[in-house]
Amino acid sequence: MYSPIPTKRSSKFGNNYWEAYSPKVKRNVRLFSDLEYDFWVLIETNPQISTYCERPLEIEQFYNRDDRIHKKTPSFLVNFLR
């Protein structure tokens with residue numbers, strides 16, 4: 001499984017910061033907004049989800065409209081039970 005991309009608390013992400021222990025992944029998770037926190041609670045309480053990773057990877061994509069490469073980081077990668 002993935003490991004979260006290290007992100008400084010003082011970065012541009014979100015207004016609120018949460019850090020909590022996750023029984024599902026057996027480590028502390030860092031969440032950078034209330035929306036991420038709410039989604040994390042849903043993930044932790046869903047028995048159909050076996051494991052997850054917050055901010056698992058960074059995606060780079062080139063946009064023609066401004067001729068720049070933009071970086072995006074998904075909030076969560078979730079693995080469901082079969």
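Label positions at LEU35 and ARG65, each projected 7 Å from the Cα along the C-beta direction, are separated by 1.7 nm. Taking every DSSP bridge with both residues inside the chain, close to 100 percent are antiparallel. In a DSSP loop and with at most 14 other Cβ atoms within 10 Å, the GluC sites (Glu not before Pro) in the chain are GLU58.
Hand me the chymotrypsin sites (Phe, Trp or Tyr not before Pro) from the chain located in a DSSP loop with no more than 16 other Cβ atoms within 10 Å, in residue order please. Listed in order of number, the matching sites are TYR2, TYR17.
In sequence order, the range 66-82 has phi-based couplings of 10, 6, 9, 8, 9, 10, 10, 10, x, 5, 9, 10, 10, 10, 8, 5, 9 Hz under the Karplus curve 6.51 cos²θ - 1.76 cosθ + 1.60, θ = phi - 60°, and Gly or Pro positions carry x.
Take the chain with all the other protein chains still there, run a 1.4 Å probe, and you get 75 Å² of accessible area per residue.
With the Kirkwood sum run over all distinct C-alpha pairs, the chain has a hydrodynamic radius of 14.0 Å. Taking amide H as placed 1.01 Å from N in the peptide plane, PHE76 has its amide H under 5 Å from the amide H of ARG55, each at least 5 places away in sequence or on another chain. Under a Gaussian network description of the chain, with springs only between Cα atoms under 10 Å, the residue in ARG68, ARG30, ARG55 that fluctuates furthest is ARG68. Please report, as a whole percent, how much of the solvent-accessible surface of the chain comes from carbon and sulfur atoms (probe radius 1.4 Å). Accessible surface attributable to carbon and sulfur in the chain totals 52 percent.
The values are calculated or read from the model by the stated rules, or taken from the named source; none is laboratory data. For clarity, every value in this text was computed on a predicted model and none was experimentally measured. Cβ: placed from backbone, ideal geometry, glycine included. Neighbour counts: every protein chain shown. We work out accessible area using only protein heavy atoms, side chains counted, and drop any ligands, DNA or RNA first. Shrake-Rupley method; radii C 1.70, N 1.55, O 1.52, S 1.80 Å.
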